[in-house]
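First the structure, in the form of structure tokens, and then the observations on it.
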Amino acid sequence: MNQIAVLSTDERLVETLRTSGLKAARIDPSELSAYGRAAEAPQVLVVDVRGRDHLPAGLAAFRRQHPGAGAVLVVSSLDPRLMLEGMRAGVNECVTEPVTAKALDDAVRRVLTSTIPEPAGQVFAFVGAKGGVGTSTLAVNTAAALGRVSREHVLLIDLHNGNGDDAVFLGVEPRFSVLDALENIERVDESFFAGIVEKTEAGVHLLASPNQPRPGGIDARRARALLESAAQMYRVTVLDVARSDMTLLDSLDAATTIVVATSQEIASLRNAARMAAMLRSRYGATCVKVVINRFQRDAVIAHDDVERVIGGEVKHLIPSDYPVALAALNAGRPVVLDKESRLARAFVTLAKDLAGIVKERVARPSSVLGRLAWRRV
Ligand SMILES: Nc1ncnc2c1ncn2[C@@H]1O[C@H](COP(=O)(O)OP(=O)(O)O)[C@@H](O)[C@H]1O
Ligand SMILES: [Mg+2]
């Protein structure tokens, strides 16, 4: 990809930019509408309108389609009508004749520094120490809780190669699955995503697990690419990760935090300790958290036993409330949508803690609300 696309018949503009160390190439007006994905578009478009009295037709559409890209006009003089047209089309800078190398270079660099790509969204991965500990319950409720708090759509990806349960938890029967995304990973952009996610009443966009597993499993490269795209498109993505799929466990580089779910039961606890150690060495200790689900204060294995075995703090204890959990599952409606239960409150606290939100106010700049405030400026 070229950093700078130059819409001009004047080769000297390209040469001037290249001489000052920028990656520039000339394009034709027809190429303006051909940039499909944001990753293919240039960071800056230089439009030469010297000797013309109108901007090229595709400029405004290009700016709308690629809001992260900037535009520089090269004009003969500061003609007010052309300037107004430029402002409406979202032009950032103007360079007038005589076009010196310094003036052009300065204008392009000013735009470049203001078009640094937006930081990626937060990604929270849930992995169970054992089947049935409540990993899907945690993932679904975290997604729904963050959707509520941030008033944004949150993406939930059910990373099970067949037979994932997240669609049931959300009361939907999706037509597409995560396999559609993985198999078309080079085409995955915002409109492709919008077509394959299932939009649920909980405000969660679900990329469901396929009904039939894919023979040969999921490819790590594609899984990584999917998670990166998801983080570019959603401010919050939640993953329900199949614990037995080592390929997936090795593809979580995009994850902000990986949550290992355990219960107060010996087999589950041993697995949680092993898994947390493995994930800490792969992704770094600060990235991994352990949560006890279905917590019971009077259980034989107590909170501090769990912390000792895990070798670190276990902050979140999600209470056991089978009637509430089961009613929500049967109704296809996440627990957090009905706030009054202790279980719902525990899920919301966990979700806010993961996202760095304290009492629905900004805790630190990387929090969900912090990002919203920042992006809306
Ligand atoms: N905190 C909880 N209290 C009581 N029951 C729970 C809790 N969390 C999950 N469950 C129940 O446990 C069962 C398994 O949960 P699920 O999320 O499907 O586990 P996993 O994804 O780890 O296999 C479900 O019936 C669910 O309703
Ligand atoms: Mg599950």
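The values are calculated or read from the model by the stated rules, or taken from the named source; none is laboratory data. Just so we're clear, the structure is a prediction, and the values are computed from it rather than from any experiment. Please note: Cβ atoms are built from the backbone with ideal geometry, for glycine as well, and neighbour counts cover all protein chains shown. Ligands, DNA and RNA are stripped out before the accessible areas are found, and what is left, the full protein with its side chains, is counted by its heavy atoms. Shrake-Rupley method; radii C 1.70, N 1.55, O 1.52, S 1.80 Å.
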Calculate the dipole size of region 70-109 relative to its Cα centre from +1 charges on Lys and Arg beta carbons and -1 charges on Asp and Glu beta carbons; express the result in debye to the nearest 20. 80 debye
Positive-end extreme of charge dipole, the chain - chosen from Tyr234, Gly128, Ala351 (charges on Cβ): Ala351
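Among residues other than Val44 whose Cβ falls under 12 Å from its Cβ, what is the net charge (Lys/Arg +1, Asp/Glu -1)?
On the way: positive: Lys23, Arg63, Arg109, Arg110; negative: Glu93, Asp105.
Every neighbour counted, the sum reads +2.
Report for the chain the percent antiparallel among DSSP-assigned beta bridges with both residues inside it, nearest 5. Numbers along the way, then the final one.
Values: 4 of 49 bridges.
If I count the DSSP bridges inside the chain, around 10 percent turn out antiparallel.
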Region 111-263: D in µm²/s via Stokes-Einstein (Kirkwood Rh, Cα pairs, 4 °C, 1.567 mPa s)? 84 µm²/s
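Apply 1/(1 + (r/R0)^6) to the Cβ-Cβ distance of Asn211 and His54, taking R0 = 51 Å, and write down the FRET efficiency to the nearest 0.05.
On the way: r = 54 Å, r/R0 = 1.05.
With a Förster radius of 51 Å, E is 0.40.
Hey, how much of the P(r) for the chain falls beyond 33 Å, as a percent of Cα pairs?
Values: 29308 of 70876 pairs.
Result for the distance tail: 41 percent.
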Please report the relative contact order for the chain, taking Cα pairs under 8 Å with a sequence separation of at least 6, and give it as a percent rounded to a whole number. 15 percent
Given the rule -39500 (n - 2.57) for each run of at least 4 DSSP H residues, summed and divided by the residues of the chain, what is its mean residue ellipticity at 222 nm, to the nearest 500 deg cm²/dmol? -11500 deg cm²/dmol
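Under a Cβ-only charge scheme (Lys and Arg +1, Asp and Glu -1), can you give me the dipole magnitude of the chain about the Cα centre, in debye to the nearest 20?
Numbers: 46 positive and 44 negative charges, 184 e Å.
Here the chain has a charge dipole of around 880 debye.
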As a test question: what accessible area, to the nearest 10 Å², does Asp304 have when a 1.4 Å probe is rolled over all protein chains in place? 90 Å²
If you look at just the Cα atoms of region 249-358, how large are its Rg and its Dmax in Å? 14.7, 39
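At R0 = 45 Å, how high is the FRET efficiency between Gln3 and Asn184 if r is their beta carbon distance? Nearest 0.05 is fine.
Numbers: r = 27 Å, r/R0 = 0.61.
According to the calculation, E is roughly 0.95.
Quick check: net charge around Arg345, other residues with Cβ under 12 Å of its Cβ, Lys/Arg +1 and Asp/Glu -1? Could you put the intermediate results ahead of the total?
Values: positive: Lys339, Arg342, Lys352; negative: Asp321, Asp338, Glu340.
After counting each charged neighbour, the total is 0.
Charges at C-beta only: +1 for Lys and Arg, -1 for Asp and Glu. How large is the resulting dipole of region 104-217 about its Cα centre, in Debye rounded to 20?
Working: 9 positive and 15 negative charges, 55 e Å.
Taking the Cα centre of region 104-217 as origin, the dipole is about 260 debye.
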Label points 7 Å out from Cα along the Cβ direction at Glu11 and Leu78: separation in nm? 3.4 nm
Segments 62-69, 125-132 sorted - mean Cβ within 10 Å per residue, highest first: 125-132, 62-69
How much of Val75 can a 1.4 Å solvent probe reach, expressed as accessible area in Å² and rounded to 10? 0 Å²
Accessible surface of the chain, 1.4 Å probe, proportion on carbon and sulfur as whole %: 51 percent
Estimated inter-spin distance, Met87 and Ala34, nm [label 7 Å along Cα→Cβ]: 3.4 nm
Report Glu198's accessible area, 1.4 Å probe, all protein chains in place, as a number in Å² to the nearest 10. 50 Å²
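Add +1 for every Lys or Arg and -1 for every Asp or Glu among the other residues with Cβ under 10 Å from the Cβ of Ile157, and state the total.
For residues surrounding Ile157, the net value is -3.
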Normalising by the residue count of region 1-103, find the relative contact order in percent from Cα pairs under 8 Å and 6+ residues apart. 25 percent
Find which of Leu104, Val336, Gln3 sits farthest along the positive direction of the dipole of the chain, computed with +1 on the beta-carbon of Lys and Arg, -1 on that of Asp and Glu, about the Cα centre. Val336
